[in-house]
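One structure is given below, encoded as structure tokens.
The values are calculated or read from the model by the stated rules, or taken from the named source; none is laboratory data. Keep in mind that what you see is a predicted model, and the values were worked out from it rather than measured. Here Cβ is always computed from backbone atoms with ideal geometry, including for glycine, and neighbour counts include all displayed protein chains.
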């Protein structure tokens, strides 16, 4: 299978994207900080809905701003990826509309440590990897506005679900982690290499702690702090 376009074209798209969205690269940290605040509070139903809505908004923004506005100018695959990201945004928005959405909370325990680690990789490690590889702005992956970083943030938040991670929350970022094999093969986008081990950690967290869901009343996952 041949690449739809070259690595230079992809980096050129990243540069156009960064210039197009300025100064969103800085402003995107505002909703991220709000997610962190909600994870620290994590005791009310509305905070859980807020986390899911913010995640959905970030997926939808990447779909519209990067794939539909930028990538479609060089290849039709932008329409497919943009539609997938908009679908993921709707997926989390629908999850937020449930009567009792998953409860999210950072505490002093192992699930929270795993959540914070994956989230830190998404916020700092993923975009920082571009600089380590010697790429200068604007030819860099931008936190919160590039596919990989949104997937990592979502993985980290999903692992913080109480009383245990839900697999269905991890489906969109895990699918993106699997597709990162193509970005590594086609374009040597080495930043995406981190998606694979982080996805394995998130999936391992679900496997390890899913037993906590057995016998837990659905409504109590919001009303009580596990």
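Values for this structure:
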item: Residue check, residue 11 touching a residue at least 40 places away in the same chain (Cβ under 8 Å) and in contact with a strand residue (DSSP E or B) (Cβ under 7 Å, 6 or more places away or on another chain); result: no
item: Residue 132 vs. criteria closer than 16 Å to residue 193 by Cβ and at pLDDT 85 or above; result: yes
item: 3 or more residues under 16 Å from residue 15 (Cα atoms): qualifying helices (runs of 4 or more DSSP H) within segment 57-160; result: 126-132
item: Residue 186 vs. criteria under 18 Å from the mean Cα position of the chain (by Cα) and at pLDDT below 95; result: no
item: Tally of residues being within 20 Å of residue 41 (Cα to Cα), under 19 Å from the mean Cα position of the chain (by Cα) and without any contact (Cβ under 8 Å) to a residue 40 or more places away in the chain across segment 85-118; result: 1
item: Test result for residue 82, free of Cβ contacts under 8 Å to residues at least 40 places away in the same chain and buried (at least 18 other Cβ atoms within 10 Å of the Cβ); result: yes
item: Which numbered condition residue 124 fails, given (1) touching a residue at least 60 places away in the same chain (Cβ under 8 Å); (2) surrounded by fewer than 22 Cβ atoms within 10 Å (Cβ to Cβ); result: (1)
item: From 173, 138, 163, residue being closer than 22 Å to residue 64 by Cβ, surrounded by fewer than 24 Cβ atoms within 10 Å (Cβ to Cβ) and in contact (Cβ under 8 Å) with a residue 12 or more places away in the chain; result: 138
item: Boolean, residue 208 is touching a strand residue (DSSP E or B) at 6+ places or on another chain (Cβ under 9 Å), in a helix (DSSP H, G or I) and without any contact (Cβ under 8 Å) to a residue 60 or more places away in the chain; result: no
item: Matching residues in segment 85-101 - criterion: being surrounded by fewer than 16 Cβ atoms within 10 Å (Cβ to Cβ) and within 30 Å of residue 5 (Cα to Cα); result: 87, 90
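Yes/no per residue for (1) modelled with pLDDT under 90; (2) out of contact with any helix residue (DSSP H, G or I) (no Cβ under 9 Å at 6 or more places or on another chain):
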{"position": "26", "(1), (2)": "yes, yes"}
{"position": "41", "(1), (2)": "yes, no"}
{"position": "45", "(1), (2)": "yes, no"}
{"position": "65", "(1), (2)": "no, no"}
{"position": "72", "(1), (2)": "no, no"}
{"position": "112", "(1), (2)": "no, no"}
{"position": "115", "(1), (2)": "no, no"}
